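Enquirer: Okay, handing you the structure first.
The values are calculated or read from the model by the stated rules, or taken from the named source; none is laboratory data. Values in this document were obtained by computation on a predicted structure and should not be read as measured data. FYI the Cβ positions are ideal-geometry reconstructions off the backbone, even for glycines, and counts take in every protein chain you see.
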Amino acid sequence: MKPKMKIPLFQIDAFTRKLFGGNPAAVCPMRVWPDAHVMQSIAAENNLSETAFIVGGQGKFRIRWFTPKAEVDLCGHATLAAGYVVLNHIDKSLKSVKFLSDRSGLLGVSRAGDMLAMDFPSLPPKPCAPPEGLVRALGKAPIATLEERDYIVVYETEAQVRALKPDMAKLRKFDKQGVVVTAKGDKADFVSRYFVPKMGIPEDPVTGSTHCSLVPFWSKMMKKDRLIAHQVSARGGEIVCVQKTKRVYLAGHAVLYMRGAIEV
């Protein structure tokens, strides 16, 4: 019988100051990559929006992210969670950590007071015509539609974003990874929600990667480089955002929920 492999497992609530808020992510530090089907099976078993797998040490790691259904190109909250694990459980002497992704390049997580700040690519969206059926799927016509990795649908008010009850079966049919809905915020600079049924995530609680496109859009609209973002899902979360020339800085809190080990 083949001996079992023991893999450390951390579960972190990202973009929140308190347990049971923000977006939970699993983090698995490893010595070497297992087969991709093993990582996909672990992510499906975890049944969280993302599980991050990291390999490396001394402040430099490679990183991959899996939803319950597929590997993805970029994930913010699981990267924040991975940074939290490295800086608080693997090497507390570090002030920052670098993550290299084959799909998204070099990413950074640094201590920023009691928060962690991520250095991510800026991915400005471009205006587009809404694809056939998008308005029906969301249930309300927007004031603008843009595209990058996802469709970004802009509404007039935060209340409209909060009130949406989209048809997940219809959203699953579109060609983009997911659909972001956003508006100016009542208390924050802007708010958003993110629907990703195609990847096995009906609504993601708090999403760092969507802010790679939301921040350059709202920064240009509001003519300011520093913004406060609220993702107004049921769990909710806050992201402090800074627009740079070709990068965005996304800062938030993180909390340890669980640590243990997997045997596969």
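Enquirer: Somewhere in region 206-220, is a residue out of contact with any strand residue (DSSP E or B) (no Cβ under 8 Å at 6 or more places or on another chain) and more than 16 Å from GLY76 (Cα to Cα)?
Expert: The first filter runs over region 206-220 and keeps only residues out of contact with any strand residue (DSSP E or B) (no Cβ under 8 Å at 6 or more places or on another chain), leaving 220.
If we keep only those that are more than 16 Å from GLY76 (Cα to Cα) as well, we get 220.
Checked region 206-220: at least one residue is out of contact with any strand residue (DSSP E or B) (no Cβ under 8 Å at 6 or more places or on another chain) and more than 16 Å from GLY76 (Cα to Cα).
Enquirer: Considering only residues of region 133-158 that are in contact with a Gly (Cβ under 9 Å, 6 or more places away or on another chain) and closer than 16 Å to GLU203 by Cα, which is surrounded by the most Cβ atoms within 10 Å (Cβ to Cβ)?
Expert: So, considering only residues that are in contact with a Gly (Cβ under 9 Å, 6 or more places away or on another chain) and closer than 16 Å to GLU203 by Cα, the one surrounded by the most Cβ atoms within 10 Å (Cβ to Cβ) is TYR151.
Enquirer: Right, MET168: touching a Lys or Arg at 6+ places or on another chain (Cβ under 6 Å), among the hydrophobic types (A, V, I, L, M, F, W, C) and not assigned by TED's automatic domain parsing to the domain that holds ARG111 or not?
Expert: Criteria not met by MET168.
Enquirer: Still on this structure, I have one more. Against the definition (part of a strand (DSSP E or B) and surrounded by 16 or more Cβ atoms within 10 Å (Cβ to Cβ)), how does VAL161 come out, yes or no?
Expert: No: the conditions fail for VAL161.
Enquirer: Report the residue count in region 169-179 for those that are surrounded by 15 or more Cβ atoms within 10 Å (Cβ to Cβ) and under 21 Å from the mean Cα position of the chain (by Cα).
Expert: Total satisfying the criteria: 7.
Enquirer: Right, here's the next one. Among the β-branched types (Val, Ile, Thr), surrounded by 12 or more Cβ atoms within 10 Å (Cβ to Cβ) and touching a helix residue (DSSP H, G or I) at 6+ places or on another chain (Cβ under 8 Å): does that describe VAL27?
Expert: yes
Enquirer: Could you look through region 189-225, keep only residues that are hydroxyl-bearing (Ser, Thr, Tyr) and buried (at least 23 other Cβ atoms within 10 Å of the Cβ), and pick out the one that is nearest to LEU171 (Cα to Cα)?
Expert: That would be TYR194.
Enquirer: Somewhere in region 134-146, is a residue closer than 19 Å to TYR249 by Cβ and touching a helix residue (DSSP H, G or I) at 6+ places or on another chain (Cβ under 8 Å)?
Expert: No, the conditions are met nowhere in region 134-146.
Enquirer: From VAL232, VAL181, VAL215, VAL242, which residue is touching a Lys or Arg at 6+ places or on another chain (Cβ under 8 Å), more than 27 Å from LYS69 (Cα to Cα) and either touching a residue at least 40 places away in the same chain (Cβ under 8 Å) or not charged (D, E, K, R) (or both)?
Expert: That would be VAL242, the only listed residue that is touching a Lys or Arg at 6+ places or on another chain (Cβ under 8 Å), more than 27 Å from LYS69 (Cα to Cα) and either touching a residue at least 40 places away in the same chain (Cβ under 8 Å) or not charged (D, E, K, R) (or both).
Enquirer: A further question on this structure: Just checking: which of the strands (runs of 3 or more DSSP E) contained wholly in region 5-80 hold 1 or more residues that are touching a Lys or Arg at 6+ places or on another chain (Cβ under 6 Å)?
Expert: 6-14, 51-57, 60-66
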